[in-house]
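*Asks:* Okay, handing you the structure first.
The values are calculated or read from the model by the stated rules, or taken from the named source; none is laboratory data. Just so it is clear, the model here is predicted, and its values are computed rather than measured. Neighbour counts run over all protein chains shown; Cβ positions are idealised from the backbone, glycine included. Ligands, DNA and RNA are excluded from the accessible area calculation, which covers all protein heavy atoms including side chains. Shrake-Rupley method; radii C 1.70, N 1.55, O 1.52, S 1.80 Å.
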Amino acid sequence: MSNEIPNRLWIHNEWADAESGDTFSTLNPATGEELTRVAAGGEADVDRAVSSARGAFRSAEWRQMDAHRRSELLWRLADLIEENADELATLETRDNGKPYFESRKIDIPTVVQNFRYFAGMADKIHGETIPVSGPFLNYTLREPLGVVGCIVPWNFPLNIASWKVAPALACGNTVVLKPAEQTPLTALRLGELAAEAGFPAGVLNVVPGYGDQAGAALVRHPDVAAIAFTGSTETGRVVLREAAGTVKRVFPELGGKSPNVIFADADLKAAVRGATSGIFYGKGEVCAAGSRILVERSIYDDFLDAMEGRAKKMTVGDPMDSGTRLGAIVSETQLERVLDYIQVGRDEGARLVTGGERREVDGRGFFVEATVFADVEPDMTIAQEEIFGPVAAVLPFDDFDDAVDRANRTIYGLAAGIWTRDVGKAHRLAREIDAGTVWVNTYNRYDPASPFGGYKSSGFGRDLGLRSAMDKYTQEKSVWVALD
Ligand code: NAI
Ligand code: MG
(Lines give C-alpha, C1' and ligand atoms only; values in the text may rest on other atoms or scores of the structure.)
(Ligands and ions follow the chains in the order given, each with its own letter.)
Protein backbone atom coordinates (compact mmCIF):
# COMPACT_ATOMS: atom_id res chain seq x y z
CA MET A 1 0.00 0.00 0.00
CA SER A 2 1.28 3.45 -0.85
CA ASN A 3 2.09 5.53 2.18
CA GLU A 4 -0.08 8.42 1.27
CA ILE A 5 -3.77 8.26 2.01
CA PRO A 6 -5.67 10.26 -0.61
CA ASN A 7 -7.33 13.10 1.25
CA ARG A 8 -7.86 16.10 -0.99
CA LEU A 9 -10.41 17.00 -3.65
CA TRP A 10 -9.83 15.40 -7.05
CA ILE A 11 -10.75 18.01 -9.66
CA HIS A 12 -9.58 18.21 -13.28
CA ASN A 13 -7.15 15.34 -12.71
CA GLU A 14 -5.41 17.19 -9.91
CA TRP A 15 -5.46 17.28 -6.13
CA ALA A 16 -6.86 20.44 -4.62
CA ASP A 17 -7.78 21.82 -1.21
CA ALA A 18 -11.25 23.02 -0.39
CA GLU A 19 -11.59 26.72 -1.10
CA SER A 20 -12.61 27.26 2.53
CA GLY A 21 -9.59 25.29 3.73
CA ASP A 22 -11.98 23.12 5.77
CA THR A 23 -11.30 19.46 6.44
CA PHE A 24 -13.13 16.65 8.18
CA SER A 25 -11.93 13.56 9.93
CA THR A 26 -12.46 10.03 8.67
CA LEU A 27 -12.03 7.31 11.26
CA ASN A 28 -11.18 3.68 11.35
CA PRO A 29 -14.28 2.42 13.17
CA ALA A 30 -12.44 -0.68 14.38
CA THR A 31 -10.16 1.50 16.50
CA GLY A 32 -11.96 4.82 16.73
CA GLU A 33 -8.76 6.46 15.50
CA GLU A 34 -8.52 9.10 12.81
CA LEU A 35 -7.13 7.79 9.52
CA THR A 36 -6.68 11.20 7.99
CA ARG A 37 -8.36 14.55 7.60
CA VAL A 38 -10.03 15.04 4.25
CA ALA A 39 -10.73 18.27 2.36
CA ALA A 40 -14.38 19.18 2.94
CA GLY A 41 -15.90 20.23 -0.35
CA GLY A 42 -18.39 23.09 -0.26
CA GLU A 43 -20.45 24.97 -2.82
CA ALA A 44 -17.44 26.68 -4.43
CA ASP A 45 -15.61 23.36 -4.80
CA VAL A 46 -18.63 21.63 -6.28
CA ASP A 47 -18.92 24.53 -8.69
CA ARG A 48 -15.27 24.08 -9.72
CA ALA A 49 -15.76 20.34 -10.20
CA VAL A 50 -18.97 20.80 -12.19
CA SER A 51 -17.42 23.40 -14.43
CA SER A 52 -14.47 21.06 -15.07
CA ALA A 53 -16.92 18.23 -15.85
CA ARG A 54 -18.99 20.50 -18.06
CA GLY A 55 -15.90 21.65 -19.93
CA ALA A 56 -14.85 18.04 -20.46
CA PHE A 57 -18.34 17.13 -21.65
CA ARG A 58 -18.22 19.90 -24.25
CA SER A 59 -14.65 19.18 -25.33
CA ALA A 60 -14.04 17.55 -28.70
CA GLU A 61 -11.65 15.14 -27.01
CA TRP A 62 -14.43 13.49 -24.99
CA ARG A 63 -17.45 14.30 -27.15
CA GLN A 64 -15.94 12.98 -30.34
CA MET A 65 -13.96 10.18 -28.81
CA ASP A 66 -14.66 6.87 -30.55
CA ALA A 67 -16.90 4.71 -28.44
CA HIS A 68 -14.30 1.93 -28.84
CA ARG A 69 -11.74 4.19 -27.23
CA ARG A 70 -14.10 4.95 -24.32
CA SER A 71 -14.46 1.23 -23.91
CA GLU A 72 -10.68 0.78 -23.82
CA LEU A 73 -10.31 3.47 -21.16
CA LEU A 74 -12.89 1.78 -18.94
CA TRP A 75 -11.19 -1.57 -19.41
CA ARG A 76 -7.82 -0.03 -18.58
CA LEU A 77 -9.31 1.47 -15.42
CA ALA A 78 -10.64 -1.98 -14.46
CA ASP A 79 -7.11 -3.37 -14.92
CA LEU A 80 -5.64 -0.67 -12.70
CA ILE A 81 -8.22 -1.32 -9.99
CA GLU A 82 -7.31 -5.00 -10.17
CA GLU A 83 -3.58 -4.24 -9.99
CA ASN A 84 -4.18 -2.05 -6.93
CA ALA A 85 -6.73 -4.36 -5.31
CA ASP A 86 -4.71 -4.95 -2.12
CA GLU A 87 -4.33 -1.24 -1.52
CA LEU A 88 -7.97 -0.45 -2.31
CA ALA A 89 -9.29 -3.30 -0.15
CA THR A 90 -7.10 -2.16 2.75
CA LEU A 91 -8.31 1.43 2.39
CA GLU A 92 -11.93 0.23 2.24
CA THR A 93 -11.62 -1.95 5.31
CA ARG A 94 -9.83 0.67 7.35
CA ASP A 95 -12.31 3.37 6.41
CA ASN A 96 -15.50 1.30 6.70
CA GLY A 97 -14.72 -1.44 9.24
CA LYS A 98 -15.82 -4.39 7.09
CA PRO A 99 -13.74 -7.59 7.19
CA TYR A 100 -10.75 -7.47 4.85
CA PHE A 101 -11.75 -10.71 3.17
CA GLU A 102 -15.04 -9.07 2.14
CA SER A 103 -13.25 -6.02 0.70
CA ARG A 104 -10.54 -8.06 -1.00
CA LYS A 105 -12.55 -11.05 -2.22
CA ILE A 106 -15.91 -9.44 -2.96
CA ASP A 107 -16.07 -5.62 -3.04
CA ILE A 108 -13.01 -4.83 -5.12
CA PRO A 109 -13.31 -7.78 -7.58
CA THR A 110 -16.94 -6.73 -8.11
CA VAL A 111 -15.80 -3.20 -8.91
CA VAL A 112 -13.42 -4.62 -11.52
CA GLN A 113 -16.21 -6.73 -12.98
CA ASN A 114 -18.56 -3.73 -13.13
CA PHE A 115 -16.04 -1.59 -15.02
CA ARG A 116 -15.37 -4.45 -17.46
CA TYR A 117 -19.06 -5.06 -18.05
CA PHE A 118 -19.78 -1.41 -18.79
CA ALA A 119 -16.59 -1.15 -20.87
CA GLY A 120 -18.32 -3.70 -23.07
CA MET A 121 -21.44 -1.56 -23.25
CA ALA A 122 -19.71 1.66 -24.31
CA ASP A 123 -19.51 0.80 -28.01
CA LYS A 124 -22.94 -0.84 -28.27
CA ILE A 125 -25.13 2.19 -27.68
CA HIS A 126 -27.20 3.26 -30.64
CA GLY A 127 -30.57 4.67 -31.62
CA GLU A 128 -33.25 3.33 -33.95
CA THR A 129 -34.77 4.01 -37.32
CA ILE A 130 -38.50 4.58 -36.90
CA PRO A 131 -41.25 4.20 -39.53
CA VAL A 132 -43.27 7.46 -39.59
CA SER A 133 -46.05 8.78 -41.87
CA GLY A 134 -45.09 10.80 -44.92
CA PRO A 135 -41.90 11.17 -46.92
CA PHE A 136 -39.59 11.41 -43.97
CA LEU A 137 -36.69 9.57 -42.48
CA ASN A 138 -36.97 9.50 -38.71
CA TYR A 139 -34.26 8.15 -36.48
CA THR A 140 -33.15 8.48 -32.90
CA LEU A 141 -29.75 9.27 -31.43
CA ARG A 142 -28.93 8.06 -27.94
CA GLU A 143 -26.95 10.88 -26.40
CA PRO A 144 -25.37 11.29 -22.99
CA LEU A 145 -27.09 13.52 -20.43
CA GLY A 146 -24.13 15.76 -19.56
CA VAL A 147 -22.67 16.07 -16.08
CA VAL A 148 -23.94 13.32 -13.79
CA GLY A 149 -23.68 13.77 -10.03
CA CYS A 150 -23.17 10.49 -8.19
CA ILE A 151 -23.91 10.56 -4.47
CA VAL A 152 -23.03 7.33 -2.72
CA PRO A 153 -23.25 5.88 0.80
CA TRP A 154 -20.70 4.38 3.17
CA ASN A 155 -21.67 0.70 3.20
CA PHE A 156 -20.11 -0.34 -0.14
CA PRO A 157 -18.16 2.81 -0.91
CA LEU A 158 -16.26 1.87 -4.06
CA ASN A 159 -18.68 -0.80 -5.21
CA ILE A 160 -21.76 1.44 -5.28
CA ALA A 161 -19.64 4.21 -6.82
CA SER A 162 -18.79 1.80 -9.65
CA TRP A 163 -22.50 0.96 -10.12
CA LYS A 164 -22.98 4.58 -11.14
CA VAL A 165 -19.66 5.86 -12.46
CA ALA A 166 -18.99 2.96 -14.88
CA PRO A 167 -22.28 3.14 -16.84
CA ALA A 168 -22.36 6.95 -16.70
CA LEU A 169 -18.91 7.14 -18.32
CA ALA A 170 -19.67 4.29 -20.73
CA CYS A 171 -22.59 6.34 -22.05
CA GLY A 172 -20.33 9.37 -22.61
CA ASN A 173 -21.31 11.50 -19.62
CA THR A 174 -18.87 13.21 -17.30
CA VAL A 175 -19.11 12.71 -13.56
CA VAL A 176 -18.80 14.45 -10.22
CA LEU A 177 -18.69 11.78 -7.52
CA LYS A 178 -19.56 12.67 -3.92
CA PRO A 179 -18.56 9.85 -1.56
CA ALA A 180 -20.03 9.54 1.93
CA GLU A 181 -18.23 11.55 4.62
CA GLN A 182 -17.65 8.34 6.63
CA THR A 183 -15.77 6.59 3.79
CA PRO A 184 -14.29 8.97 1.21
CA LEU A 185 -10.91 7.32 0.60
CA THR A 186 -11.39 4.70 -2.12
CA ALA A 187 -13.43 7.10 -4.28
CA LEU A 188 -10.53 9.56 -4.21
CA ARG A 189 -8.10 6.84 -5.26
CA LEU A 190 -10.51 5.92 -8.08
CA GLY A 191 -10.24 9.47 -9.43
CA GLU A 192 -6.48 9.20 -9.49
CA LEU A 193 -6.57 5.78 -11.17
CA ALA A 194 -8.97 7.09 -13.83
CA ALA A 195 -6.43 9.76 -14.74
CA GLU A 196 -3.71 7.10 -14.91
CA ALA A 197 -5.95 5.05 -17.20
CA GLY A 198 -6.06 8.02 -19.57
CA PHE A 199 -9.43 9.65 -18.95
CA PRO A 200 -9.15 13.33 -19.91
CA ALA A 201 -9.21 15.96 -17.14
CA GLY A 202 -12.71 16.72 -15.91
CA VAL A 203 -14.31 13.43 -16.98
CA LEU A 204 -14.27 12.09 -13.42
CA ASN A 205 -14.04 14.48 -10.48
CA VAL A 206 -14.36 13.46 -6.85
CA VAL A 207 -15.55 15.90 -4.21
CA PRO A 208 -15.71 14.55 -0.67
CA GLY A 209 -17.67 16.50 1.90
CA TYR A 210 -20.79 16.52 4.02
CA GLY A 211 -24.13 15.62 2.50
CA ASP A 212 -25.86 18.87 3.37
CA GLN A 213 -22.95 20.85 1.89
CA ALA A 214 -21.17 19.12 -1.01
CA GLY A 215 -24.11 16.79 -1.67
CA ALA A 216 -26.74 19.50 -1.56
CA ALA A 217 -24.65 21.83 -3.76
CA LEU A 218 -24.38 19.10 -6.40
CA VAL A 219 -28.13 18.46 -6.32
CA ARG A 220 -28.90 22.17 -6.72
CA HIS A 221 -26.30 22.91 -9.39
CA PRO A 222 -27.96 24.05 -12.64
CA ASP A 223 -25.25 22.44 -14.81
CA VAL A 224 -25.73 18.98 -13.34
CA ALA A 225 -28.10 17.00 -15.55
CA ALA A 226 -28.85 14.09 -13.24
CA ILE A 227 -28.25 12.76 -9.76
CA ALA A 228 -27.65 9.06 -9.25
CA PHE A 229 -28.20 8.56 -5.54
CA THR A 230 -27.95 5.67 -3.10
CA GLY A 231 -28.71 6.31 0.55
CA SER A 232 -31.52 6.55 3.06
CA THR A 233 -35.13 7.10 2.06
CA GLU A 234 -35.17 10.23 4.21
CA THR A 235 -32.27 11.83 2.32
CA GLY A 236 -33.72 10.55 -0.96
CA ARG A 237 -36.86 12.60 -0.32
CA VAL A 238 -34.75 15.73 0.25
CA VAL A 239 -32.78 15.10 -2.95
CA LEU A 240 -35.97 14.61 -4.99
CA ARG A 241 -37.44 17.84 -3.64
CA GLU A 242 -34.27 19.88 -4.17
CA ALA A 243 -33.71 18.56 -7.69
CA ALA A 244 -37.10 19.90 -8.74
CA GLY A 245 -35.67 23.43 -8.68
CA THR A 246 -33.49 22.74 -11.71
CA VAL A 247 -35.68 19.97 -13.22
CA LYS A 248 -32.95 17.38 -13.14
CA ARG A 249 -33.36 13.64 -13.22
CA VAL A 250 -32.92 11.81 -9.94
CA PHE A 251 -32.34 8.10 -9.73
CA PRO A 252 -32.95 7.19 -6.10
CA GLU A 253 -31.88 3.81 -4.75
CA LEU A 254 -33.04 3.95 -1.14
CA GLY A 255 -33.55 1.94 2.00
CA GLY A 256 -35.09 -1.44 2.56
CA LYS A 257 -36.61 -3.80 5.09
CA SER A 258 -36.39 -6.88 2.96
CA PRO A 259 -38.29 -10.05 3.84
CA ASN A 260 -36.63 -13.44 3.70
CA VAL A 261 -39.53 -15.91 3.53
CA ILE A 262 -38.87 -19.48 4.67
CA PHE A 263 -41.46 -22.19 4.00
CA ALA A 264 -41.69 -25.46 5.88
CA ASP A 265 -40.76 -27.38 2.71
CA ALA A 266 -37.43 -25.54 2.32
CA ASP A 267 -34.01 -27.13 2.69
CA LEU A 268 -33.76 -25.92 6.28
CA LYS A 269 -29.98 -25.97 6.50
CA ALA A 270 -29.60 -23.89 3.35
CA ALA A 271 -32.37 -21.53 4.46
CA VAL A 272 -30.74 -20.94 7.84
CA ARG A 273 -27.41 -20.29 6.16
CA GLY A 274 -29.04 -17.90 3.67
CA ALA A 275 -31.04 -16.09 6.34
CA THR A 276 -27.98 -15.68 8.57
CA SER A 277 -25.69 -14.33 5.88
CA GLY A 278 -28.65 -12.37 4.43
CA ILE A 279 -28.77 -10.23 7.56
CA PHE A 280 -25.22 -10.38 8.94
CA TYR A 281 -23.18 -10.02 5.76
CA GLY A 282 -21.56 -6.57 5.71
CA LYS A 283 -22.60 -6.13 9.39
CA GLY A 284 -26.18 -5.74 8.18
CA GLU A 285 -25.21 -2.39 6.65
CA VAL A 286 -26.66 -3.55 3.36
CA CYS A 287 -29.62 -1.89 1.68
CA ALA A 288 -30.95 -5.31 0.62
CA ALA A 289 -30.27 -6.97 4.00
CA GLY A 290 -32.84 -9.68 4.73
CA SER A 291 -33.75 -8.00 7.99
CA ARG A 292 -37.27 -9.46 8.34
CA ILE A 293 -37.13 -13.23 8.45
CA LEU A 294 -40.60 -14.76 7.99
CA VAL A 295 -40.76 -18.41 8.97
CA GLU A 296 -43.66 -20.84 8.51
CA ARG A 297 -45.01 -21.68 11.94
CA SER A 298 -44.49 -25.46 11.79
CA ILE A 299 -40.68 -25.06 11.52
CA TYR A 300 -40.43 -21.84 13.52
CA ASP A 301 -38.79 -23.31 16.66
CA ASP A 302 -36.38 -25.52 14.74
CA PHE A 303 -35.40 -22.60 12.57
CA LEU A 304 -34.73 -20.35 15.56
CA ASP A 305 -32.56 -22.97 17.25
CA ALA A 306 -30.47 -23.39 14.12
CA MET A 307 -30.20 -19.67 13.46
CA GLU A 308 -29.15 -18.98 17.04
CA GLY A 309 -26.30 -21.46 16.59
CA ARG A 310 -25.13 -19.83 13.37
CA ALA A 311 -25.47 -16.30 14.71
CA LYS A 312 -23.22 -17.21 17.64
CA LYS A 313 -20.53 -18.19 15.14
CA MET A 314 -20.47 -14.69 13.65
CA THR A 315 -17.16 -13.82 15.27
CA VAL A 316 -16.73 -10.17 16.13
CA GLY A 317 -13.13 -9.12 15.68
CA ASP A 318 -10.43 -7.04 14.06
CA PRO A 319 -11.54 -6.59 10.43
CA MET A 320 -8.00 -7.36 9.23
CA ASP A 321 -8.14 -10.77 10.93
CA SER A 322 -9.17 -13.55 8.55
CA GLY A 323 -11.31 -15.23 11.21
CA THR A 324 -13.52 -12.18 11.66
CA ARG A 325 -17.06 -12.44 10.36
CA LEU A 326 -18.53 -9.25 11.85
CA GLY A 327 -16.48 -6.12 11.44
CA ALA A 328 -16.96 -2.72 13.06
CA ILE A 329 -20.11 -0.62 12.61
CA VAL A 330 -19.16 2.25 10.32
CA SER A 331 -19.36 5.09 12.87
CA GLU A 332 -20.23 5.91 16.44
CA THR A 333 -23.47 7.55 15.28
CA GLN A 334 -24.49 4.40 13.46
CA LEU A 335 -23.47 2.28 16.47
CA GLU A 336 -25.81 4.34 18.65
CA ARG A 337 -28.65 3.99 16.15
CA VAL A 338 -28.25 0.23 16.13
CA LEU A 339 -28.08 0.00 19.93
CA ASP A 340 -31.17 2.24 20.20
CA TYR A 341 -33.10 -0.08 17.92
CA ILE A 342 -32.04 -3.08 20.00
CA GLN A 343 -33.40 -1.30 23.07
CA VAL A 344 -36.65 -0.46 21.27
CA GLY A 345 -36.99 -4.13 20.26
CA ARG A 346 -36.69 -5.15 23.89
CA ASP A 347 -39.07 -2.41 25.07
CA GLU A 348 -41.73 -3.35 22.52
CA GLY A 349 -41.67 -6.94 23.74
CA ALA A 350 -39.74 -8.85 21.09
CA ARG A 351 -37.83 -11.86 22.45
CA LEU A 352 -34.03 -11.51 22.30
CA VAL A 353 -32.66 -14.88 21.19
CA THR A 354 -28.97 -14.01 20.98
CA GLY A 355 -26.64 -11.00 20.85
CA GLY A 356 -27.87 -7.54 21.70
CA GLU A 357 -24.69 -6.11 23.18
CA ARG A 358 -22.01 -3.67 22.16
CA ARG A 359 -18.56 -5.21 21.91
CA GLU A 360 -15.03 -3.90 21.78
CA VAL A 361 -11.92 -5.44 20.29
CA ASP A 362 -8.72 -4.72 22.21
CA GLY A 363 -10.75 -2.31 24.31
CA ARG A 364 -11.90 -0.13 21.44
CA GLY A 365 -13.96 0.20 18.28
CA PHE A 366 -17.66 0.23 17.38
CA PHE A 367 -18.80 -3.39 17.33
CA VAL A 368 -22.20 -5.03 17.91
CA GLU A 369 -22.94 -8.72 18.34
CA ALA A 370 -25.00 -10.62 15.79
CA THR A 371 -28.47 -10.08 17.21
CA VAL A 372 -31.64 -12.11 16.65
CA PHE A 373 -35.10 -11.11 17.87
CA ALA A 374 -37.94 -13.66 17.72
CA ASP A 375 -41.71 -13.27 18.12
CA VAL A 376 -41.57 -9.93 16.37
CA GLU A 377 -45.00 -8.52 15.47
CA PRO A 378 -45.34 -7.05 11.97
CA ASP A 379 -46.01 -3.53 13.24
CA MET A 380 -43.19 -3.33 15.77
CA THR A 381 -40.56 -0.68 15.07
CA ILE A 382 -37.84 -3.28 14.45
CA ALA A 383 -40.05 -4.90 11.79
CA GLN A 384 -40.77 -1.60 10.06
CA GLU A 385 -37.68 0.63 10.19
CA GLU A 386 -34.36 0.13 8.47
CA ILE A 387 -31.83 -0.54 11.24
CA PHE A 388 -28.77 -0.98 9.02
CA GLY A 389 -26.96 -3.15 11.51
CA PRO A 390 -26.59 -6.84 12.47
CA VAL A 391 -30.12 -7.16 13.86
CA ALA A 392 -32.58 -9.76 12.57
CA ALA A 393 -36.32 -9.67 13.26
CA VAL A 394 -37.88 -13.14 13.00
CA LEU A 395 -41.66 -13.41 12.54
CA PRO A 396 -43.81 -16.53 12.18
CA PHE A 397 -46.45 -16.88 9.43
CA ASP A 398 -49.30 -19.34 8.87
CA ASP A 399 -49.74 -19.90 5.13
CA PHE A 400 -48.99 -18.51 1.67
CA ASP A 401 -51.46 -15.60 1.89
CA ASP A 402 -50.22 -14.68 5.34
CA ALA A 403 -46.65 -14.71 4.01
CA VAL A 404 -47.62 -12.34 1.18
CA ASP A 405 -49.40 -10.03 3.58
CA ARG A 406 -46.53 -9.91 6.05
CA ALA A 407 -43.86 -9.63 3.39
CA ASN A 408 -45.50 -6.59 1.83
CA ARG A 409 -46.49 -4.83 5.03
CA THR A 410 -43.81 -2.11 4.88
CA ILE A 411 -43.17 1.10 2.98
CA TYR A 412 -40.08 -0.50 1.40
CA GLY A 413 -39.69 -2.83 -1.56
CA LEU A 414 -36.03 -3.36 -2.34
CA ALA A 415 -35.42 -7.09 -2.22
CA ALA A 416 -36.81 -10.38 -0.94
CA GLY A 417 -35.77 -13.97 -0.43
CA ILE A 418 -37.91 -17.11 -0.82
CA TRP A 419 -36.92 -20.55 0.45
CA THR A 420 -38.99 -23.54 -0.71
CA ARG A 421 -38.63 -26.72 -2.74
CA ASP A 422 -41.97 -26.07 -4.45
CA VAL A 423 -41.13 -24.43 -7.78
CA GLY A 424 -44.65 -23.20 -8.47
CA LYS A 425 -44.98 -21.65 -5.03
CA ALA A 426 -41.63 -19.89 -5.44
CA HIS A 427 -42.64 -18.28 -8.73
CA ARG A 428 -46.12 -17.38 -7.44
CA LEU A 429 -44.68 -15.62 -4.43
CA ALA A 430 -41.99 -13.93 -6.55
CA ARG A 431 -44.85 -12.23 -8.44
CA GLU A 432 -46.76 -11.26 -5.30
CA ILE A 433 -43.88 -9.61 -3.46
CA ASP A 434 -43.36 -5.86 -3.93
CA ALA A 435 -39.61 -5.85 -4.48
CA GLY A 436 -37.17 -4.92 -7.21
CA THR A 437 -35.13 -8.11 -6.67
CA VAL A 438 -36.33 -11.55 -5.57
CA TRP A 439 -33.89 -14.32 -4.71
CA VAL A 440 -35.17 -17.92 -4.64
CA ASN A 441 -33.16 -20.38 -2.52
CA THR A 442 -30.27 -17.91 -2.43
CA TYR A 443 -29.66 -14.39 -1.16
CA ASN A 444 -27.51 -11.33 -1.90
CA ARG A 445 -26.62 -12.28 -5.47
CA TYR A 446 -25.55 -9.49 -7.81
CA ASP A 447 -24.31 -9.30 -11.35
CA PRO A 448 -23.59 -6.24 -13.45
CA ALA A 449 -25.97 -7.62 -16.07
CA SER A 450 -28.95 -7.81 -13.72
CA PRO A 451 -30.85 -4.62 -12.76
CA PHE A 452 -31.03 -3.72 -9.08
CA GLY A 453 -33.37 -1.18 -7.49
CA GLY A 454 -36.55 -0.65 -5.58
CA TYR A 455 -40.31 -0.69 -5.55
CA LYS A 456 -42.33 1.68 -3.33
CA SER A 457 -40.27 3.87 -0.96
CA SER A 458 -37.08 1.99 -1.82
CA GLY A 459 -36.91 4.32 -4.82
CA PHE A 460 -37.21 3.89 -8.55
CA GLY A 461 -33.65 4.12 -9.79
CA ARG A 462 -32.13 0.98 -11.26
CA ASP A 463 -28.43 0.28 -10.98
CA LEU A 464 -26.69 -2.27 -13.21
CA GLY A 465 -28.42 -4.08 -16.05
CA LEU A 466 -27.69 -3.29 -19.69
CA ARG A 467 -31.02 -1.82 -20.78
CA SER A 468 -31.67 0.02 -17.53
CA ALA A 469 -28.20 1.58 -17.61
CA MET A 470 -28.68 2.70 -21.18
CA ASP A 471 -32.09 4.22 -20.45
CA LYS A 472 -30.76 5.87 -17.33
CA TYR A 473 -27.60 7.51 -18.60
CA THR A 474 -28.64 8.48 -22.14
CA GLN A 475 -31.44 10.54 -23.62
CA GLU A 476 -33.18 10.04 -26.96
CA LYS A 477 -33.12 12.63 -29.69
CA SER A 478 -35.56 12.22 -32.57
CA VAL A 479 -34.24 13.48 -35.92
CA TRP A 480 -36.59 14.15 -38.86
CA VAL A 481 -35.32 14.41 -42.43
CA ALA A 482 -37.54 15.36 -45.39
CA LEU A 483 -36.97 12.93 -48.23
CA ASP A 484 -38.47 15.01 -51.04
P1 NAI B 1 -27.62 9.34 3.97
O2 NAI B 1 -28.69 8.84 3.08
O3 NAI B 1 -27.86 10.68 4.58
O4 NAI B 1 -26.24 9.39 3.17
C5 NAI B 1 -26.04 8.89 1.86
C6 NAI B 1 -25.28 9.90 1.01
O7 NAI B 1 -26.10 11.05 0.83
C8 NAI B 1 -23.98 10.41 1.63
O9 NAI B 1 -23.02 10.59 0.61
C10 NAI B 1 -24.39 11.73 2.22
O11 NAI B 1 -23.31 12.63 2.37
C12 NAI B 1 -25.37 12.22 1.18
N13 NAI B 1 -26.31 13.25 1.64
C14 NAI B 1 -26.79 13.44 2.91
N15 NAI B 1 -27.62 14.49 2.95
C16 NAI B 1 -27.67 15.00 1.69
C17 NAI B 1 -28.35 16.10 1.09
N18 NAI B 1 -29.16 16.90 1.79
N19 NAI B 1 -28.19 16.32 -0.23
C20 NAI B 1 -27.40 15.52 -0.96
N21 NAI B 1 -26.70 14.48 -0.44
C22 NAI B 1 -26.85 14.22 0.86
O23 NAI B 1 -27.39 8.25 5.09
P24 NAI B 1 -26.67 8.40 6.54
O25 NAI B 1 -27.19 9.60 7.26
O26 NAI B 1 -25.23 8.27 6.37
O27 NAI B 1 -27.24 7.09 7.27
C28 NAI B 1 -28.46 7.13 7.99
C29 NAI B 1 -29.29 5.90 7.72
O30 NAI B 1 -29.61 5.84 6.35
C31 NAI B 1 -28.63 4.58 8.01
O32 NAI B 1 -28.75 4.22 9.32
C33 NAI B 1 -29.38 3.65 7.11
O34 NAI B 1 -30.57 3.22 7.72
C35 NAI B 1 -29.74 4.51 5.93
N36 NAI B 1 -28.83 4.27 4.79
C37 NAI B 1 -29.27 3.46 3.81
C38 NAI B 1 -28.47 3.19 2.74
C39 NAI B 1 -28.92 2.28 1.67
O40 NAI B 1 -28.16 1.93 0.80
N41 NAI B 1 -30.15 1.88 1.67
C42 NAI B 1 -27.10 3.72 2.63
C43 NAI B 1 -26.74 4.61 3.70
C44 NAI B 1 -27.59 4.84 4.74
MG1 MG C 1 -14.18 6.09 7.97
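*Asks:* Under 5 Å between amide H atoms, partner at least 5 residues away or on a different chain: which partners does residue 255 have, H built in plane at 1.01 Å?
*Replies:* Those qualifying (amide H under 5 Å, at least 5 residues apart or on another chain) are 233.
*Asks:* Then there's this: Check which residues have an amide H placed less than 5 Å from residue 417's amide H, if you skip close sequence neighbours.
*Replies:* So residue 417 has HN proximity to 260, 261, 439.
*Asks:* Non-local amide H neighbours of residue 204 (under 5 Å, H modeled in plane, Pro and chain starts lacking H): which ones?
*Replies:* Amide H to amide H, under 5 Å and 5 or more residues apart or across chains, residue 204 pairs with 175.
*Asks:* Past the 29 Å Cα-Cα mark, which pairs from 98/248; 283/425; 105/164; 98/124?
*Replies:* With Cα atoms farther than 29 Å apart: 98/248; 283/425; 98/124.
*Asks:* Would you mind getting the accessible area per residue of the stretch 72-143, heavy atoms of the protein chains only, 1.4 Å probe, in Å²?
*Replies:* 42 Å²
*Asks:* If you find the alpha carbon centre of the stretch 314-331 and of the stretch 273-294, how far apart are they in angstrom?
*Replies:* Each part's Cα centre sits 16 Å from the other's.
*Asks:* Is the stretch 259-447 best put as rounded, prolate or oblate by its Cα gyration tensor, with a ≥ b ≥ c the root eigenvalues, rounded for a/c under 1.5, and otherwise prolate when a/b is larger than b/c, oblate when not?
*Replies:* prolate
*Asks:* When the accessible area of the chain is split by element with a 1.4 Å probe, what percent falls to carbon and sulfur?
*Replies:* Of all accessible area on the chain, carbon and sulfur atoms account for 46 percent.
*Asks:* Based on a Kirkwood Rh over C-alpha pairs, give the Stokes-Einstein translational diffusion coefficient of the chain at 4 °C and viscosity 1.567 mPa s in µm²/s.
*Replies:* D, rounded to a whole number, is 56 µm²/s.
*Asks:* Provide the three semi-axes, in whole Å and in decreasing order, of the ellipsoid equivalent to the stretch 402-484 as defined by the square roots of 5 times the Cα gyration tensor eigenvalues.
*Replies:* In descending order the semi-axes read 34, 14, 13 Å.
*Asks:* Can you pull the accessible area of residue 126 for me, 1.4 Å probe, Å² to the nearest 10?
*Replies:* Number for this one is 130 Å².
*Asks:* Quote the Stokes-Einstein diffusion coefficient, in whole µm² s⁻¹, for the stretch 86-222, based on the Kirkwood radius over alpha carbon pairs, a temperature of 20 °C and a viscosity of 1.002 mPa s.
*Replies:* Answer, rounded: 131 µm²/s.
*Asks:* I would also like to ask the following. Report the charge-dipole magnitude of the chain in Debye, nearest 20, computed about the Cα centre from +1 at each Lys and Arg Cβ and -1 at each Asp and Glu Cβ.
*Replies:* Result for the chain is approximately 1040 debye, rounded to the nearest 20.
*Asks:* When the Karplus curve 6.51 cos²θ - 1.76 cosθ + 1.60 is applied with θ = phi - 60°, which whole-Hz ³J(HN,Hα) does each residue of the stretch 206-222 get, with x for Gly and Pro?
*Replies:* These are the phi-based 3J(HN,Hα) values: 10, 10, x, x, 6, x, 7, 10, 4, x, 5, 5, 5, 5, 7, 5, x Hz.
*Asks:* Something else: Considering the dipole of the chain built from charges on the beta carbon (Lys and Arg +1, Asp and Glu -1) around the Cα centre, which of 155, 235, 175 is farthest to its positive end?
*Replies:* Of the candidates, 175 comes out farthest on the positive side.
*Asks:* Say R0 is 22 Å: what FRET efficiency, to the nearest 0.05, do residue 336 and residue 377 get from their beta-carbon distance?
*Replies:* Once rounded, the FRET efficiency stands at 0.35.
*Asks:* Could I ask something else about it? If the chain between residue 237 and residue 302 were fully stretched, how many nm would it gain, using 0.36 nm times the residue separation less the Cα-Cα distance?
*Replies:* Extra length available between residue 237 and residue 302 comes to 19.3 nm.
*Asks:* Give me the angle, in degrees from 0 to 90, between the Cα long axis of helix 423-432 and the longest principal axis of the Cα atoms of the chain, rounded to the nearest 10.
*Replies:* 60 degrees
*Asks:* In whole Hz and in residue order, list the ³J(HN,Hα) couplings for the stretch 54-65 that follow from phi through the Karplus curve 6.51 cos²θ - 1.76 cosθ + 1.60, θ = phi - 60°; x for Gly and Pro.
*Replies:* My calculation for the stretch 54-65 gives 5, x, 5, 5, 7, 6, 4, 4, 8, 5, 9, 4 Hz in order.
*Asks:* Give me a comma-separated list of calculated 3J(HN,Hα) values for the stretch 441-454, in order, Karplus coefficients 6.51, -1.76, 1.60 applied at θ = phi - 60°, integers in Hz, x for any Gly or Pro.
*Replies:* Calculated HN-Hα couplings, in order: 6, 6, 8, 6, 8, 9, 8, x, 7, 10, x, 9, x, x Hz.
*Asks:* What's the FRET efficiency of residue 445 with residue 132 using the Cβ-Cβ distance as r and R₀ = 51 Å, to the nearest 0.05?
*Replies:* 0.75
*Asks:* Show me the ranking of peptides 89-97, 379-387 by mean Cβ neighbours inside 10 Å, starting with the highest.
*Replies:* 89-97, 379-387
*Asks:* Find the accessible area per residue for the stretch 12-67; the probe is 1.4 Å, ligands and nucleic acids are left out, and the unit is Å².
*Replies:* 51 Å²
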